[in-house]
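Participant: Right, I'll just put the structure down here and ask away after.
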Amino acid sequence: MNTLNELRDLVRGAVLLPGDAGFDPARRPWNLAVEQDVPAVVEAADADDVVALVRYATARGLRVSAQPSGHGATGDLDGAILLRTRLLDEVSVDPHARTARVGAGVRWGEVQRVAGEHGLTGLPGSSPVVSVTGYTLGGGLSWFSRAYGWAADSVTAIEGVTADGERFRVTAGSELFWALRGGGGDHAVVTALEFALHPAPVLYGGRMLWPAERAADVLGAYQEVTASAPDALTAWFDLLNFPGGAPAVAVDVTYLGDPAEGRDLLRPLEELGATLSDGRGPLPVARLGSITAEPTEPGAGLSRGELLTALDDRAAKALLTEPIDPLLSVQIRHLGGALSLPSDSPHGPLAEPYALYLFGVPTSPESAAAVRERQRELVRDLTPSISGRKPYTYLTPGETVAEAFAPDVLTRLRDIKHRMDPHHTIRSNYPVTS
């Protein structure tokens, strides 16, 4: 597609084509196990570049896929031009109004750094390098979602570019606002978000770690803690099997409140006795990523996520009977709280009280097959507790939005897509239409 050279005259940002220096790194997603074959990469210098690119694509029957950080990529871009938005990096916090405005390239760590200076927090997940926009367009399950709901619930305004190349700003009451606020971003290219921040004058959190042989005891204590946890407390249970280390079991926690109260709420875990390590303590919101210490550079991985209707003795047996090898981690996240309340977003409320996340690293085709098989085994063993639905951001290659949204919601999303983008110029990682 040599005609794509024309883009260099239309945008101020970089345009990279196959064969150009830097093209291969630019097209790679965060997950290096996913291959992205694209005809061009455009790094927008500003929102005007996004307008120019979308108009160009629409006029020529091409597609555009925006990936701020490359998280959530599937490799199925259907020949779309890859749009990178890292230069749209505005971060503006109004501490009095408790609001933030961020460009589409901003990552959560930067928001938390600025908001934390004012005793405020956004609703980030476990990693500081995930983009605010991509995460929020998919709903956004946060450390603090039990207290404040989906990250998408806190969005107050969205700016972007429609499929016909027009700038927009939408707020509550707009169909496009509803579709983008958790519907996956298939309806337009978003260039900026505005959202409410939440008070976090004190945060307590960290990781408690035990040897793997304590897993049954730890899970029992975890069940006790989460059975009566207030919405300000979030706890995640982790079976860990990192290369070069002994298998272990961890509980990761955050508490939006006084550290002494947080420790008291976790007493069943403390009563288990000695830990391998205990990293809990007062925690700046800017350091949330230190709890799970996820990689901050791209790497290969195979994941699978599910929602659990219960974490009972049968589920515990399925989790603990066999080692998790070759998986690196099996994580249970406590949900509930504000997530179970009404939400005017495509996801709506989450009735399921727990989420399951399975992760492994493929080092060869054989190891990839083994990781996928172990994931299938665990899900099969947990089947009585698997709800059959999952959050949009838990989708993995080969899955579709039909597994994230209820049929009536998906019909509404598709109707808006057909009216807003009849030629399917905009393509998200998991489009609402095939």
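The values are calculated or read from the model by the stated rules, or taken from the named source; none is laboratory data. Here the structure is a predicted model, which means the values were calculated and not measured. Counting neighbours? That spans all protein chains shown, and the Cβs are built from the backbone with ideal geometry, glycine included.
Participant: For residues that are assigned to a loop (DSSP other than H, G, I, E, B), more than 24 Å from Trp30 (Cβ to Cβ) and of a type outside the set (Ser, Thr, Tyr), tally how many sit in the range 376-409. I'd like the intermediate steps shown before the answer.
Facilitator: Within the range 376-409, the subset assigned to a loop (DSSP other than H, G, I, E, B) is 382, 387-391, 395-400, 404-406.
Okay, now just the ones that are also more than 24 Å from Trp30 (Cβ to Cβ), so 382, 387-389, 406.
Subset that is of a type outside the set (Ser, Thr, Tyr): 382, 388-389, 406.
Qualifying residue count for the region: 4.
Participant: Could you say which residue among Asp415, Asp344, Asp408 is at pLDDT below 95 and among the charged types (D, E, K, R)? It would help to see each step written out before you state the result.
Facilitator: Numbers: Asp415 fails: at pLDDT below 95; Asp408 fails: at pLDDT below 95.
Unique residue meeting the criteria: Asp344.
Participant: Next question. Step by step: first the residues of the range 348-375, then only those that are without any contact (Cβ under 8 Å) to a residue 60 or more places away in the chain and assigned to a helix (DSSP H, G or I), then the one that is nearest to Ala227 (Cα to Cα). Which residue is that?
Facilitator: Arg374
Participant: Here's a follow-up. Could you identify the single residue in Val202, Val225, Val190 that is closer than 30 Å to Ser92 by Cβ and more than 24 Å from the chain's Cα centre (by Cα)? Before the answer, list the steps.
Facilitator: Numbers: Val225 fails: closer than 30 Å to Ser92 by Cβ; Val190 fails: more than 24 Å from the chain's Cα centre (by Cα).
That would be Val202, the only listed residue that is closer than 30 Å to Ser92 by Cβ and more than 24 Å from the chain's Cα centre (by Cα).
Participant: Next up: Do we have Leu276 as over 15 Å from the mean Cα position of the chain (by Cα) and under 24 Å from Thr121 (Cβ atoms) here? Steps first, answer last, please.
Facilitator: Details: over 15 Å from the mean Cα position of the chain (by Cα): yes; under 24 Å from Thr121 (Cβ atoms): no.
Answer is no for this residue.
Participant: Hey, does the range 236-247 have a residue that's buried (at least 19 other Cβ atoms within 10 Å of the Cβ) and farther than 23 Å from Arg214 by Cβ?
Facilitator: no
Participant: Oh, and also: Quick check on my filter: what residues within the range 69-95 are over 24 Å from Val114 (Cβ atoms), at pLDDT 95 or above and either assigned to a strand (DSSP E or B) or in contact with a helix residue (DSSP H, G or I) (Cβ under 7 Å, 6 or more places away or on another chain) (or both)?
Facilitator: Ile81, Leu82, Leu83
Participant: May I ask you to list the residues in the range 151-207 that are in contact (Cβ under 8 Å) with a residue 24 or more places away in the chain, of a type outside the set (S, T, N, Q) and part of a helix (DSSP H, G or I)?
Facilitator: Within the range 151-207, Ala151, Ala152, Asp153, Glu175, Leu176, Trp178, Ala179, Leu180 qualify.
Participant: Read through the list (1) of a type in the set (A, V, I, L, M, F, W, C); (2) touching an Asp or Glu at 6+ places or on another chain (Cβ under 8 Å); (3) without any contact (Cβ under 8 Å) to a residue 24 or more places away in the chain, then give the number of the only condition that Ala26 fails.
Facilitator: (3)
Participant: Restricting to the range 308-324, name every residue that is touching a Pro at 6+ places or on another chain (Cβ under 8 Å) and assigned to a loop (DSSP other than H, G, I, E, B).
Facilitator: Matches in the range 308-324: Thr309, Ala310, Leu311, Pro323, Ile324.
Participant: If you don't mind, there's one more thing I want to ask. Tell me which of these Tyr148 doesn't satisfy, since it passes every other one: (1) in contact with a strand residue (DSSP E or B) (Cβ under 9 Å, 6 or more places away or on another chain); (2) outside the structural domain of Leu410 (by TED's automatic domain parsing).
Facilitator: It fails just one condition, (2).
Participant: Looking at the range 55-102, which of the residues that are acidic (Asp, Glu) and at negative phi is surrounded by the most Cβ atoms within 10 Å (Cβ to Cβ)?
Facilitator: Top of the filtered list is Asp76.
Participant: For the range 33-54, name all the residues that are crowded, with 22+ Cβ neighbours inside 10 Å, in contact with a strand residue (DSSP E or B) (Cβ under 6 Å, 6 or more places away or on another chain) and either without any contact (Cβ under 8 Å) to a residue 24 or more places away in the chain or not β-branched (Val, Ile, Thr) (or both).
Facilitator: Ala40, Leu53
Participant: Continuing with this model, one more query. If only one of Leu276, Leu197 is out of contact with any helix residue (DSSP H, G or I) (no Cβ under 9 Å at 6 or more places or on another chain) and of a type outside the set (D, E, K, R), which one is it? Give the derivation first.
Facilitator: Numbers: Leu197 fails: out of contact with any helix residue (DSSP H, G or I) (no Cβ under 9 Å at 6 or more places or on another chain).
The unique qualifying residue is Leu276.
Participant: If a residue has to be within 14 Å of Ile324 (Cβ to Cβ) and in a strand (DSSP E or B) to count, how many in the range 211-254 make the cut?
Facilitator: The qualifying residues number 7.
Participant: Would a scan of the range 377-390 turn up a residue that is within 23 Å of Ala188 (Cβ to Cβ) and either touching a residue at least 60 places away in the same chain (Cβ under 8 Å) or not assigned by TED's automatic domain parsing to the domain that holds Gly72 (or both)?
Facilitator: Here is the first cut: in the range 377-390, the ones within 23 Å of Ala188 (Cβ to Cβ) are none.
Looking for residues that are within 23 Å of Ala188 (Cβ to Cβ) and either touching a residue at least 60 places away in the same chain (Cβ under 8 Å) or not assigned by TED's automatic domain parsing to the domain that holds Gly72 (or both), one finds none in the range 377-390, hence no.
Participant: Return the residues of the range 349-371 that are crowded, with 17+ Cβ neighbours inside 10 Å and within 22 Å of Val401 (Cα to Cα); say none if nothing qualifies.
Facilitator: Hits for the range 349-371 are Leu350, Glu352, Pro353, Tyr354, Ala355, Leu356, Tyr357, Leu358, Phe359.
Participant: Oh, and also: Please state which one of Gly299, Gly281, Gly305, Gly289 is touching a Pro at 6+ places or on another chain (Cβ under 8 Å), modelled with pLDDT of 95 or more and surrounded by fewer than 17 Cβ atoms within 10 Å (Cβ to Cβ).
Facilitator: On the way: Gly299 fails: touching a Pro at 6+ places or on another chain (Cβ under 8 Å); Gly305 fails: surrounded by fewer than 17 Cβ atoms within 10 Å (Cβ to Cβ); Gly289 fails: surrounded by fewer than 17 Cβ atoms within 10 Å (Cβ to Cβ).
Just a single option satisfies the conditions, and that option is Gly281.
Participant: Of the conditions (1) touching an Asp or Glu at 6+ places or on another chain (Cβ under 8 Å); (2) over 14 Å from Thr85 (Cβ atoms), Gly13 satisfies every one except a single condition; which number is it?
Facilitator: For Gly13, the exception is condition (2).
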